[in-house]
Amino acid sequence: MKKIKIGFLPLYIKLYDDCGSGAVGRPRLEPFYERLAGEFEARGFEVVRNAFCRIKPEFEAAVAKFEAEAVDCIVTWHAAYSPSLECVDALSGTKLPIVILDTTETYDFSPAQNPAEISFCHGIHGVMDMCSLLRQHEKAFAICAGHIEHSDIMDRAAGFVRAAKAAFSLEGSRAGSIGGCFDGMGDFLISDERLLSRFGVTAVYPDKGEIEALRESVTDEEAEAEMKLDSELFYEIEPVDKEAHKLTVKNCLALRKWIEKDRLDAFTVNFRKIGGESGINAMPFIEACKALARGTGYAGEGDILTASLVGALLKAYDGATFAEIFCPDWKNDSLLISHMGEYNLNLAKSKPGIKKIKFIFADDAEDPVVSYGCYRPGKAVFINLFRTTDDYKLFISPIEMLDVPTDVFEQRVRGWFRPAIPVPAFLEALSHAGATHHSAIIYDASAEEMEYFAALCGLETVIVR
């Protein structure tokens with residue numbers, strides 16, 4: 001994954017420099033700014049620094065610099081009070097998302113504290129001033145407050161930055177479709193025109209004969225090298241037929257070549273259309289798994305909308321995946337997620353298996369080799385992008401992916417999660433909202449991050465906690 005780039009903007013007030021108090025404050029505040037920048041770098045971000053900004057031209061220059069350097073997000077920090085009218089035009093006028101870091105160096109501000117510490121720790125009312133103006137200008141922002149050492153403020157800020165990166169990765173992305181949408185499925189159906197006008201995503205289709213030509217271009221050497229990699233990545237659930245494996249790999253590599261050639265951020269395959277004019281004669285389940293692990297979005301059954309959503313999320317979250325609720329476990333208050341053979345390999349709790357399966361869903365299709373694995377345990381967020389009468393909304397709910405020490409589902413993609421509310425109420429909430437049957441799960445994210453993601457995408461939310 002390419003490093004996410006932050007434009008780190010420190011706010012100050014010219015009055016302090018003019019009256020001489022800046023000579024006292026800056027020697028402590030500037031090193032603290034550098035410390036904060038280092039905290040972001042320690043979390044894997046690239047940080048573009050800037051001098052303290054005080055007046056409108058300085059803010060305009062800083063934002064222009066961040067835009068020129070193509071940062072993914074602006075993070076602000078108030079070193080002191082800073083009048084909001086100096087910064088608000090530059091911040092509300094940029095398309096770049098805003099995350100506000102509200103923190104100070106001093107931890108204890110009890111009555112026993114030295115009053116001189118006020119000079120280094122009073123940026124909070126500048127934050128309030130600026131946020132009030134950003135609201136008035138209808139500029140979405142995320143804010144996290146707390147002490148750098150005694151709270152999770154830096155981790156929360158990092159999460160909001162990732163959410164911003166994901167949101168701004170959706171517009172301008174390219175999603176491929178092989179076979180169009182599954183006949184009769186209407187919940188996630190979207191026209192190419194609406195996909196582009198509402199989300200900025202371009203739908204891409206292979207030319208007639210293109211995939212077949214790419215498949216035929218795959219050499220035996222390329223296929224055998226990929227099979228060797230598979231032998232290291234997977235164990236054999238049962239002895240795998242080598243010819244079926246090679247056939248599957250050639251289809252997978254053809255799909256990979258198409259993704260690379262057309263610079264796709266996401267794709268979907270309608271398994272009912274395998275064979276014939278699709279150019280794929282064995283369903284490339286394994287490539288869907290590998291593509292998700294590489295950071296390319298995917299959803300099944302021709303669902304280009306959810307595929308695009310997952311593709312954007314993967315630009316910022318390694319732990320994002322396409323998911324589908326399959327069965328309720330009423331007894332243990334959990335839900336099984338599964339699919340035919342598509343999941344993010346990065347999320348498998350142990351080495352996945354492979355086997356050849358009988359493929360009965362398309363007349364001209366050959367039997368493919370498929371990978372199966374179990375999702376690892378962890379905190380995650382369940383989201384669902386769905387259509388309403390006039391627009392789209394995002395369903396958001398924190399979940400816990402459960403630890404599964406043993407199971408008898410070796411020949412299935414599987415994982416179990418416990419929602420934030422009892423399973424019956426959770427399922428009712430999904431359907432009352434109008435959610436589709438295709439969703440996404442994001443490990444190591446928070447509901448608040450996804451709320452910010454939704455705000456940046458102009459989506460209303462349905463939140464279940």
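The values are calculated or read from the model by the stated rules, or taken from the named source; none is laboratory data. What you are looking at is a predicted structure, and each value in this text was computed from that prediction instead of being measured. Cβ: placed from backbone, ideal geometry, glycine included. Neighbour counts: every protein chain shown. Note: accessible area is taken over every heavy atom of the protein model, side chains too, but ligands, DNA and RNA are not part of it. Shrake-Rupley method; radii C 1.70, N 1.55, O 1.52, S 1.80 Å.
Beyond 31 Å between alpha-carbons counts as too far, so tell me which of Lys228/Lys358; Lys5/Lys208; Lys95/Lys393; Lys5/Lys246; Lys65/Lys315; Lys242/Lys315 fall in that bin. With Cα atoms farther than 31 Å apart: Lys5/Lys208; Lys5/Lys246; Lys242/Lys315. Estimated at 0.36 nm per residue, the fully extended path between Met185 and Thr388 surpasses their Cα-Cα distance by 71.5 nm. What percent of all Cα-Cα pairs in segment 385-465 falls into each 5 Å bin, going from 0 up to the bin containing the maximum distance? P(r) for segment 385-465, in whole percents per bin: 3, 13, 22, 23, 18, 11, 6, 3, 1, 0. Against the main long axis of the alpha-carbon atoms of the chain, helix 84-93 sits at an angle near 20°. Distance between the pseudo-spin-label points of Lys349 and Glu149 (7 Å out from Cα toward the beta carbon): 3.8 nm. With the simple spin-label model, which puts each label point 7 Å out from Cα in the Cβ direction, the Asp18 to Ala225 separation comes to 6.6 nm. Axis angle, to the nearest 10 degrees, between helix 423-433 and the longest C-alpha principal axis of the chain: 80 degrees.
Under the simplified labelling scheme, the Ala64-Tyr235 pair shows an inter-label distance of 6.2 nm, with each label point 7 Å from Cα along Cα→Cβ. Centre-to-centre separation between the Cα atoms of segment 394-418 and those of segment 252-311: 23 Å.
When only alpha carbons are used to place a centre, segment 312-388 and segment 79-141 end up 43 Å from one another. In sequence order, segment 160-167 has phi-based couplings of 5, 5, 5, 4, 5, 4, 4, 4 Hz under the Karplus curve 6.51 cos²θ - 1.76 cosθ + 1.60, θ = phi - 60°, and Gly or Pro positions carry x. Note on the chain: with neighbouring protein chains present and a 1.4 Å probe, carbon and sulfur make up 51 percent of its accessible heavy-atom surface. If you sort Lys139, Lys358 by accessible surface, 1.4 Å probe, largest first, the order is Lys358, Lys139.
Rolling a 1.4 Å probe over the protein heavy atoms gives segment 424-465 an accessible area of 40 Å² per residue. Computed from these coordinates, which is semi-axes √(5λ) of the Cα gyration tensor in Å: (1) 38, 26, 21; (2) 46, 23, 21; (3) 50, 26, 21? Correct label is (2). Qualifying chymotrypsin sites (Phe, Trp or Tyr not before Pro) in segment 1-107, where qualification requires a DSSP coil assignment and no more than 13 other C-beta atoms within 10 Å, comprise Tyr107. The slack in the chain from Lys358 to Asp192, taken as 0.36 nm per residue of separation less the alpha-carbon distance, amounts to 56.4 nm.
Karplus couplings for segment 139-149 from phi (6.51 cos²θ - 1.76 cosθ + 1.60, θ = phi - 60°), rounded to Hz, Gly and Pro as x? Couplings: 9, 5, 8, 10, 9, 9, 10, x, 8, 4, 9 Hz. Think of segment 397-465 as having a plus end and a minus end, set by charges on the Cβ of Lys, Arg, Asp and Glu; of Pro398, Met450, Val413, Val413 sits farthest toward the positive end of this dipole. Given R0 = 41 Å, the distance between the Cβ atoms of Leu85 and His432 translates into a calculated FRET efficiency of 0.40.
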